[in-house]
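Here the structure is laid out as structure tokens; the discussion comes afterwards.
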Amino acid sequence: MSKMLIGMLWFDKDKITTLEEKIEAAAAHYENKHGEPADQCFVNPAHLEKRINVAGLAVRPSKTVLKNHFWLGKKE
């Protein structure tokens, strides 16, 4: 499993926007804020059954992330 100790937590409970669109918005905000892109994102398993890639991010389910939250950052 990849490790990320520091990242940005993004909250989005919009029921209309797709998971991919939410991750893309969070990734754009992360890059704008930190000046470099994130390379991974963790989401609650209720939102994602298997690993996927979105907007250059490795998206993984994690039981430690609350529903409607996205934890983005760089792999350590």
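The values are calculated or read from the model by the stated rules, or taken from the named source; none is laboratory data. Small disclaimer: the values here were computed from a predicted structure and weren't measured. Here Cβ is always computed from backbone atoms with ideal geometry, including for glycine, and neighbour counts include all displayed protein chains. To get the accessible areas, we keep the full protein, side chains included, count just its heavy atoms, and leave off ligands, DNA and RNA. Shrake-Rupley method; radii C 1.70, N 1.55, O 1.52, S 1.80 Å.
Give me the residue from the range 10-21 that is open to solvent by 80 Å² or more (accessible area, probe 1.4 Å) and in contact (Cβ under 8 Å) with a residue 40 or more places away in the chain and, out of that set, farthest from Leu66 (Cα to Cα).
The selected residue is Lys13.
Please indicate, with yes or no, whether at least one residue in the range 44-54 is within 16 Å of Gly7 (Cβ to Cβ) and in a strand (DSSP E or B). Working first, answer last.
The initial filter retains those residues of the range 44-54 that are within 16 Å of Gly7 (Cβ to Cβ), namely 44, 54.
Still in the running and in a strand (DSSP E or B): 54.
Yes.
Which numbered condition trips up Met4, out of (1) touching a helix residue (DSSP H, G or I) at 6+ places or on another chain (Cβ under 8 Å); (2) surrounded by 15 or more Cβ atoms within 10 Å (Cβ to Cβ)?
Met4 satisfies all of (1) touching a helix residue (DSSP H, G or I) at 6+ places or on another chain (Cβ under 8 Å); (2) surrounded by 15 or more Cβ atoms within 10 Å (Cβ to Cβ) except (1).
Cβ contacts < 8 Å: first residue open to solvent by 60 Å² or more (accessible area, probe 1.4 Å), restricted to the range 22-51; second residue among the aromatic types (Phe, Trp, Tyr), any location; separation 6+ or different chain. Result?
Note: pairs meeting the criteria are His29/Trp10; Pro37/Tyr30.
Going through Leu5, Leu48, Leu66 one at a time, which residue ends up being modelled with pLDDT of 95 or more and among the aliphatic types (A, V, I, L, M)?
Leu66
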